[in-house]
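Participant: Got a structure here, written out as C-alpha cells. Questions coming.
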Amino acid sequence: MRLSPVSRLAGALALAGVLAVPAARAADFTTTDGYTAACREVAKGAVPRDDDARIAAVICRDTALVRQIVTWGTQGFERIHKDRTSNDAILVEVTKEIDYVIAELGATRKLLAQVKLGKRKSLRLAPAQWELDLDSDGQVKLWEKYLFALPKRGHQAFRFSGPSNDQEYYDREYNLGAVIRVDQSDILWSLSYHHFIEGLLTNVRAFDLAKDYNGVILARPALLKAAHQLIGNGFLISGKMRQEALAETDDDEEWIGHPGQASSVFPLPLDAADFASWGMMIKEMSALWQGRSLLPATQGGSGMLAAMAPLCPEGSGLNVARVYLQPPPAGTLYGFRHTKLPTAHCQRIDKAHPVSPLAQMAEQASKSQTGMGFLRYLYWTN
C-alpha cells in the first residue's frame, strides 16, 4: 500500500457526513452523481438542520478543502515558478492558505461536535466513487478518481509515493467497493482528526520565519496555548471513539470494527491486543501532553530528542505542557541549528511526574523492521 501525503490528508479529512433537506431525502454518497447533488445543496449555504445534514456538510466542505489544497499546490506553484515570485510574497501566500485551512477545519469540527447519533446509523459512503477534478484542470485523472479510495484491509507495509495513474495498482492495493454506514464512532474518529490537524497547523502559525531563513520566531505565543488545547482534546476524543467502537453490537458496513465485527473496511485489522495497545497509547500521550509525565531530556542526552532538548538538570525531564502553556515571550528566536528549549520547561522527575515510556517506544520502533508498521497503526487509529 502506498499513501501520498495528499491522500493521507484526504483520508484524515474526508470520512464523516448529510445535507440540509428532510431526512427522507438523505444524501447519497455512494455514487459520483449522488455526491455531486448532495454537495450542490451544501454549497447553497443552508444551515444543517439535523445530524445527517451536518455529516453531509462536513464531507462536502472537507473534500472541497482538499480540492483547494491540491489546486493551489499544483497551479499555485506553477504560477509562482513562472512569475518568479519573491520569497516574501510566497510566505504571504502560504500563510493565507494555512489560515484558510484552519478556518475551514474549525467550522467542520464544530459541525461534527454537534452530531449525536447514539445507536442510529447515518449515511452510506463509498469513497472510491467520488470522482473529483481535484487540481481544477478540467479533467479527472485516475489518481484523482481514486484519491479517497480506501487501502485494502490487511497488514501491508506503510510506504510513501506519488499519485499513481495505473488501474492495476488500484485494483491490487485498494478496496474499490468499500462502503461505510456512518455511526457515532466514525464521527468521533473524524472529529479527533480535525482536532489534531487544526492543532498542528495552529502550532505552525504561532511562528514566523526569520528574515535570514535560519530559524523561526515565536510571533504569537497565544496560538501555542490554542494548539495545546486542540491536540489535547483530540486525544480525549480518540479515547471516547475507542470505547464507542468497542461497545457496538451490530455489524453493518463498519468503518472502525472491533474484533467481533467482520464487516469492517478499516485498512488495519484490530484485535483485542491492538485495542488494548491503543488505549495504552492514548493514556500515555494524554499524560505526557498534560504534563503528568515527562520526556527524558537531560544533559548529554542522545537519540530522537537530542536536537531540540533543553539542558535539563540530572533527574529532571521535559514538561511538554509547560512548553505550550508557559511559552517564552514573543520575538524569541529558534534557530534551525543548536537550538535548546528554555530550561524553565524542565521539571523534577518524581512519583507524581514519572518519565514517559513513549520516547523509548518510539526509539525502539524506529530501529526495528516494525517501525513503519507501527507508524501505519498510529496513523489509522489517530
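Participant: Scan segment 314-357 residue by residue and report those that are in a loop (DSSP other than H, G, I, E, B), farther than 26 Å from residue 215 by Cα and either more than 29 Å from the chain's Cα centre (by Cα) or among the charged types (D, E, K, R) (or both).
Facilitator: If we filter segment 314-357 for residues that are in a loop (DSSP other than H, G, I, E, B), which is where we start, we get 314-315, 319, 326-332, 336-342, 349-354, 356-357.
Now drop any that are not farther than 26 Å from residue 215 by Cα, which leaves 314-315, 349-354, 356-357.
Answer for segment 314-357, where residues must be in a loop (DSSP other than H, G, I, E, B), farther than 26 Å from residue 215 by Cα and either more than 29 Å from the chain's Cα centre (by Cα) or among the charged types (D, E, K, R) (or both): 314, 315, 349, 350, 351, 352.
Participant: Here's another thing I want to ask about it. Within the group 208, 166, 212, which residue is among the acidic types (Asp, Glu) and outside the structural domain of residue 378 (by TED's automatic domain parsing)?
Facilitator: Details: 208 fails: outside the structural domain of residue 378 (by TED's automatic domain parsing); 212 fails: outside the structural domain of residue 378 (by TED's automatic domain parsing).
None of the others qualify; the one that does is 166.
Participant: Further, regarding this structure: Listed residues 314, 248; which is acidic (Asp, Glu) and modelled with pLDDT of 90 or more?
Facilitator: Values: 314 fails: modelled with pLDDT of 90 or more.
Unique residue meeting the criteria: 248.
Participant: Looking at residue 54, is it touching an Asp or Glu at 6+ places or on another chain (Cβ under 7 Å), among the basic types (Lys, Arg) and either modelled with pLDDT of 95 or more or at positive phi (or both)? Let's see the steps before the verdict.
Facilitator: Working: touching an Asp or Glu at 6+ places or on another chain (Cβ under 7 Å): no; among the basic types (Lys, Arg): yes; either modelled with pLDDT of 95 or more or at positive phi (or both): yes.
No: the conditions fail for residue 54.
Participant: Quick check on my filter: what residues within segment 43-82 are surrounded by fewer than 19 Cβ atoms within 10 Å (Cβ to Cβ), under 30 Å from residue 119 (Cα atoms) and acidic (Asp, Glu)?
Facilitator: Correct list: 50 only.
Participant: Hey, another quick one. Quick check, is residue 253 among the charged types (D, E, K, R), surrounded by fewer than 21 Cβ atoms within 10 Å (Cβ to Cβ) and closer than 16 Å to residue 382 by Cβ? So that I can check it myself, show each step before the final result.
Facilitator: Working: among the charged types (D, E, K, R): yes; surrounded by fewer than 21 Cβ atoms within 10 Å (Cβ to Cβ): yes; closer than 16 Å to residue 382 by Cβ: no.
It is false that residue 253 is among the charged types (D, E, K, R), surrounded by fewer than 21 Cβ atoms within 10 Å (Cβ to Cβ) and closer than 16 Å to residue 382 by Cβ.
Participant: A further question follows. Could you list, in sequence order, all residues of segment 261-283 that are loosely packed, with under 13 Cβ neighbours inside 10 Å and within 17 Å of residue 181 (Cβ to Cβ)?
Facilitator: Within segment 261-283, just 262 meets the criteria.
Participant: Name the one entry in 217, 282, 237, 231 that is more than 30 Å from residue 357 (Cβ to Cβ) and either assigned to a helix (DSSP H, G or I) or in contact with a strand residue (DSSP E or B) (Cβ under 8 Å, 6 or more places away or on another chain) (or both).
Facilitator: Numbers: 282 fails: more than 30 Å from residue 357 (Cβ to Cβ); 237 fails: more than 30 Å from residue 357 (Cβ to Cβ); 231 fails: more than 30 Å from residue 357 (Cβ to Cβ).
Unique residue meeting the criteria: 217.
Participant: Select from segment 92-144 the residues that are surrounded by fewer than 13 Cβ atoms within 10 Å (Cβ to Cβ) and farther than 30 Å from residue 240 by Cα and write down the one among them that is modelled with the lowest pLDDT.
Facilitator: The extreme case among them is 92.
Participant: Right, here's the next one. Can you name every residue in segment 25-53 that is within 18 Å of residue 103 (Cβ to Cβ) and either of a type in the set (S, T, N, Q) or not in a loop (DSSP other than H, G, I, E, B) (or both)?
Facilitator: The answer is 42, 43.
Participant: Further question: Out of the helices (runs of 4 or more DSSP H) lying entirely within segment 70-155, which hold 1 or more residues that are within 25 Å of residue 223 (Cα to Cα)? Give the derivation first.
Facilitator: Working: elements: 77-83, 87-113, 142-145.
Fully inside segment 70-155 and qualifying: 87-113.
The values are calculated or read from the model by the stated rules, or taken from the named source; none is laboratory data. Bear in mind the structure is a predicted one, so any value in this text is a computation, not a measurement. Here Cβ is always computed from backbone atoms with ideal geometry, including for glycine, and neighbour counts include all displayed protein chains.
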